[in-house]
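Asks: Structure provided below as structure tokens; questions to follow.
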Amino acid sequence: MNNKIMYSIVVPLYNEELVVQETYRRLKSVMDNTKENYEILFVNDGSKDKTVNIVEGICRNDGRIKLINFSRNFGHQAAITAGMDMALGAAVVVIDADLQDPPEIILEMIKKWKEGYEVVYGKRAKREGETFFKKFTAKAFYRLLKSMTTIDIPVDTGDFRLIDRKVCNALISLPEKNRYVRGLVSWVGYKQTCVEFVRQERFAGETKYPLKKMMKLALDGITSLSYKPLIISGYLGVLTFIAGIFATIGVIINQLINRINIISLPLILSINVTMFGLVLGCIGIMGQYIGRIFDESKGRPIYIIDSTINYKRVDKRYEISC
Ligand code: UDP
Ligand code: MG
């Protein structure tokens, strides 16, 4: 039998003690169906609960299961990146740990891959068990991002996808730090298709994506793929400048011809506050880009690995021998 690994399943984990055992069970039963070699890479992104202990137990009983343990919480996108960096398979599947993405869909993805598609992404036809706020903000964000870039980014699509080795190699060659992986997958191109699925309710536990992390991901997506916010700030500046000229002319004419003094302290104050807000907002947008340029210039790694289990390879990027 050929020993080469055909499929690598990358699972990011952050405080998932309530789900990880079940995730392993479901993934194992699906992947055993393929009758081909596979590995499951659990990437522990600095969990503070018993996630690591549970995965260690799984790894002891099953050599195909690998644990990559970060030195702290580096974020979901960093965990996915590490999994892709270390995956050995001919096809790499990224899936969340909480079983919102049904593992059974992987078989459909594999079918499409065998038909010749190099990226098969999971498109959420429906989302179950999520709050109205989450569904609304996600829907709005995907559409906003699409309107901001010329790259064809599929809407309602998360990180649940299968990518071919070629695509994985292209992705890991991109050095950028604040990664929005699903956008980068669209950016690299290749032959892409989707399989639709109903996003399930979380198996257990709570979302590990509070509003702060969601905002960071959204800003990473926009800033890494589009300059439009900067261009819009420029347009806003020009528009307010023109409006200011007209307003000034209007005030002068009124004073000269009609002798009406429309200037009042409340009016001046409210215009000032509005303009101040606009200027600060535009500086804030610039700050988002400058902060990310700063991150790039520091050249720090995207993540740091503390330890691994069942993983035997020298990592090219960070020279960590395990
Ligand atoms: N996750 C992670 N690091 C983080 C946050 C989340 O590795 O800092 C993992 C988490 O364990 C899960 C996946 O990323 O496997 C998606 O997180 P979650 O399901 O909480 O996000 P949601 O589905 O609510 O958007
Ligand atoms: Mg989830």
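Please treat every number below as a calculation from the coordinates, not as lab data. This one's a predicted model, so the numbers in the text were calculated from it and none came from an experiment. Here the Cβ is made from the backbone with ideal geometry for all residues, glycine too, and neighbour counts use every protein chain on show.
Asks: Given the stretch 105-252, what percent of its DSSP beta bridges are antiparallel, to the nearest 5?
Replies: Taking every DSSP beta bridge with both residues in the stretch 105-252, the antiparallel ones total about 35 percent.
Asks: Helix by helix through the chain, keep the DSSP H runs that span 30 Å or more along the axis on Cα and average at least 0.0 on Kyte-Doolittle, and give those back in order.
Replies: 228-253, 265-298
Asks: Sticking with this one: Of the options LEU256, GLY244, PRO266, report the single residue whose Cα projects farthest towards the positive end of the charge dipole of the chain (beta-carbon charges: Lys, Arg +1; Asp, Glu -1).
Replies: Of the candidates, LEU256 comes out farthest on the positive side.
Asks: Placing unit charges on C-beta atoms (Lys and Arg positive, Asp and Glu negative, everything else neutral), compute the dipole magnitude of the chain about its Cα centre in debye, rounded to 20.
Replies: 400
Asks: I'd like the FRET efficiency for VAL198 and SER307, computed as 1/(1 + (r/R0)^6) with the beta carbon distance as r and R0 of 45 Å, rounded to 0.05.
Replies: 0.75
Asks: With +1 on the Cβ of every Lys and Arg and -1 on the Cβ of every Asp and Glu, and nothing else charged, how large is the dipole of the stretch 69-124 about its Cα centre, in debye rounded to the nearest 20?
Replies: Value, rounded to 20: 80 debye.
Asks: Which GluC sites (Glu not before Pro) does the stretch 62-126 hold that lie in a coil by DSSP with at most 14 other beta carbons within 10 Å?
Replies: Within the stretch 62-126, the qualifying GluC sites (Glu not before Pro) (loop, at most 14 other Cβ atoms within 10 Å) are GLU104, GLU115.
Asks: Report, to two decimal places, the Cα Rg of the chain normalised by 2.2 N^0.38 Å (N = number of residues).
Replies: Scaled against compact globular proteins, the figure is 1.24.
Asks: Can I ask one more? Filter LYS111/LYS146; LYS123/LYS213; LYS66/LYS298; LYS112/LYS212 down to the pairs with a C-alpha to C-alpha distance above 24 Å, please.
Replies: LYS111/LYS146; LYS66/LYS298; LYS112/LYS212
Asks: Only bridges with both residues in the chain count here: give the DSSP antiparallel percent, nearest 5.
Replies: Bridges in the chain that DSSP calls antiparallel: roughly 35 percent.
Asks: Another question, then. Work out from phi, with θ = phi - 60° and the Karplus expression 6.51 cos²θ - 1.76 cosθ + 1.60, the ³J(HN,Hα) of each residue of the stretch 257-264, listed in order in whole Hz, and give x for Gly and Pro.
Replies: 3J(HN,Hα) across the stretch 257-264, in whole Hz: 8, 8, 6, 9, 9, 8, 7, 10.
Asks: Let me ask something additional. If you average the C-alpha positions of the stretch 130-148 and of the stretch 58-90 separately, how far apart do those two centres end up, in angstrom?
Replies: Spelled out, the Cα-based centre of one part sits 29 Å from the other.
Asks: Using helices alone, I'd like the mean residue ellipticity at 222 nm for the chain: each DSSP H run of four-plus residues gives -39500 (n - 2.57), total over residue count, nearest 500. Let's see the in-between values first.
Replies: Details: 10 runs with 153 residues, N = 322.
Mean residue ellipticity at 222 nm (helix-derived): -15500 deg cm²/dmol.
Asks: With charges only on Cβ, +1 for K and R and -1 for D and E, what is the dipole size of the stretch 1-152 about its Cα centre, in debye, rounded to 20?
Replies: 380
Asks: Given bins 10 angstrom wide, list per bin the percent of all Cα-Cα distances in the stretch 50-143, short to long.
Replies: With a bin width of 10 Å, the distribution comes to 11, 34, 37, 17, 1.
Asks: Next question. Name the most mobile residue of ILE105, ILE54, ILE257, meaning the one with the largest mean-square fluctuation, in a Gaussian network model of the chain with Cα contacts below 10 Å.
Replies: ILE257
Asks: Where a Cα-Cα gap under 18 Å defines reach, which lysines qualify for LYS208, not counting those fewer than 8 residues away within the same chain?
Replies: Straight-distance partners of LYS208: LYS48, LYS50, LYS134, LYS135, LYS216.
Asks: Using label points projected 7 Å from each Cα along Cα→Cβ, tell me how many nm separate SER147 and ASN33, to one decimal.
Replies: Between SER147 and ASN33, the simple spin-label model gives 4.0 nm.
Asks: Ranked highest first by the average count of other Cβ atoms within 10 Å around their residues, in what order do 283-289, 37-43 fall?
Replies: Top to bottom by mean Cβ count within 10 Å: 37-43, 283-289.
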